[in-house]
Amino acid sequence: MNTIKKSNIGMFDDHYLGSIEERVIRDTKAAKAAGAKVVGVYCAFTPKELVAAAGAIPVALCSGSDIPILLAERHLPRNLCALIKSSYGHAIGDSCPYFTATDLLLADATCDGKKKMFELLGRKRPLYLLQLPQTAATEESHAYWLGELRRIKVLLERETGSAITDDRLRAQIVIYNRLRSTVHEAFRLNMGEIPLLSGRELDTVTSMAGFECNLHSRIDEIEQAIAAARQRGRDRQYQAGVAGRPRILLTGCPTTNRKVLNLIEDCRGVVVAMESCGGLKTVGNLVPEDGDPLANLARTYLDIPCACMTPNPARLDLLRSIIRDYRIDGVVELTWDGCHTYNIEAFQVEECVGAAGLPYLHIITDYSENDTGQLKTRIEAFLELLN
Ligand code: SF4
Ligand code: SF4
């Protein structure tokens, strides 16, 4: 078990995450040696409970690095979102140890760029595509999605040689619910007048650190971090350091790359809440633990309010509740350049934020550092408005 550093500033930093990654890699090596398969996933719609119930280890592969993008552009258009290019570049360049460890991939037909990239990625690994419906608003969509999960269940059973029984699936639903609740608790530390974690720290504390192996240890680590943050929150020096800083909600595309998050916090804002994947979008709803486990997974996962869905009113409802509960002063929307789904939905998000009486800033960027100076100026001006 890891010991949490108790300094006042940067309590949960890269060093802290690095020690957790080491533990996760050790646990995964042991599980692989005992015969477990590693299954790469690319989207929040993939129920990892199914993977774990087959005795396999899920690993999220969406990348935030700028480095593999040049290689990816040999196959993919330059004006594609950085997340897709980075993930693909890592795969074809064999530069990601997590991708290298995978035996097979599960991918979801979400945005156009991702689903066409997956056709090429299937040349590198056995890849199974979940045909995601475009709406969560009809019973027919839910029935169709349940059919997709049934199909993937059979595929996973064949690939792993393990039967996914209802009991095994229920056991995974319980542990993943505990994980969601614990991550949610970490976010909720920022509901008070004094936020207890910066956005960077929240991102680190709630990160899955790679392979989702031995989730009980990961949950314990997050609980320890929560306890340490609560303790720090009682420190007057800490309180004085964060009091009065603008409280920002970061929404939009997944924050796979921290460029914008870092800029906001370097300019003295505090990102008290993130709505994107890995943030509040995916932890608010627990999967029911009684009844048909596969039907419960299908219902809960299809309701994730991603911009790939149309219509997507649940995202606006979620934003309104975060603005209220986290005492938000201003909203920053991040769109990765080339992401049409989030870029177009930004119009409705701006209306929603305006109706709540808050300032809104829309940033469209990529993973490169080329526009950092310009973005810093825009963010500084925005934060000035909030003081
Ligand atoms: S933003 Fe939507 S498409 Fe992208 S990872 Fe999240 S759920 Fe999947
Ligand atoms: S950020 Fe947008 S374009 Fe990129 S993978 Fe997600 S939904 Fe697709």
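Quick notes
- Positive minus negative residues near Leu280 (Lys, Arg vs Asp, Glu; Cβ under 15 Å): +1
- Set the Cα radius of gyration of region 88-180 against 2.2 N^0.38 Å, with N its number of residues, and you get 1.25.
- Those lysines that a straight Cα-Cα span of less than 29 Å connects to Lys116, excepting residues fewer than 8 apart in one chain: Lys37, Lys48, Lys85, Lys124, Lys153, Lys259, Lys281
- Backbone N atoms of region 68-99 closer than 18 Å to the 7 Å Cα→Cβ label point of Arg125 belong to residues 68-69, 72, 83-99.
- Farthest positive-ward along the chain dipole, Cα basis, beta-carbon charges - from Gly278, His340, Thr160: Thr160
- Sequence-separation-based contact order of region 36-162, relative, with Cα cut under 8 Å and 6+ spacing, percent: 26
- Residues of region 99-121 with amide N under 11 Å of the 7 Å Cα→Cβ point at Asp292: none
- In region 210-255, one over the average inverse separation of all distinct C-alpha pairs is 13.6 Å, which is the Kirkwood hydrodynamic radius.
- Computed from Cα atoms, the angle from the helix 82-92 axis to the main principal axis of the chain rounds to 40 degrees.
- Rounded to 0.05, the FRET efficiency of the Asp371 and Asp167 pair, given R0 = 41 Å and the Cβ-Cβ distance, is 0.20.
- Theoretical gain in end-to-end length, Arg74 to Gln231 [0.36 nm per residue, Cα-Cα removed]: 51.5 nm
- Helical runs (DSSP H, four residues minimum) scored at -39500 (n - 2.57) apiece and divided by the length of the chain put the mean residue ellipticity at 222 nm at -16000 deg cm²/dmol.
- Note on Glu384 and Ala34: the extension gain reaches 120.4 nm, defined as 0.36 nm multiplied by sequence separation minus the Cα-Cα distance.
- For region 255-387, the ratio of Cα radius of gyration to the globular rule of thumb 2.2 N^0.38 Å stands at 1.15.
- Building the convex hull from the alpha-carbon atoms of region 36-162 and averaging its projection over directions returns 7.7 nm².
- To the nearest ten degrees, helix 14-33 and the longest principal axis of the Cα atoms of the chain are 10 degrees apart.
- Cβ crowding within 10 Å ranks Trp336, Trp145 as Trp145, Trp336, fewest other Cβ atoms first.
- Glu140 paired with Ile194, simple spin-label distance in nm, labels 7 Å along Cα-to-beta-carbon: 5.6
- When peptides 200-211, 278-289, 228-239 are sorted by average Cβ neighbour count within 10 Å, with the highest value leading, the order is 200-211, 278-289, 228-239.
- Take every Cα pair under 8 Å whose residues are at least 6 apart in sequence, average their separation, divide by the length of the chain, and the relative contact order is 20 percent.
- Label-point separation, Lys116 to Ser321 (7 Å along Cα→Cβ), nm: 3.6
- The chain: translational diffusion in µm²/s, Stokes-Einstein, Kirkwood Rh over Cα pairs, 10 °C, 1.306 mPa s: 74
- Local electrostatic count, Lys37, Cβ distance below 14 Å [Lys/Arg +1, Asp/Glu -1]: +1
Values in this text are rule-based calculations from the coordinates and carry no lab data. The structure presented is a predicted model; accordingly, all values stated were derived computationally and were not measured. With ideal geometry, Cβ positions are generated from the backbone for all residues, glycine too; neighbour counts draw on all protein chains shown.
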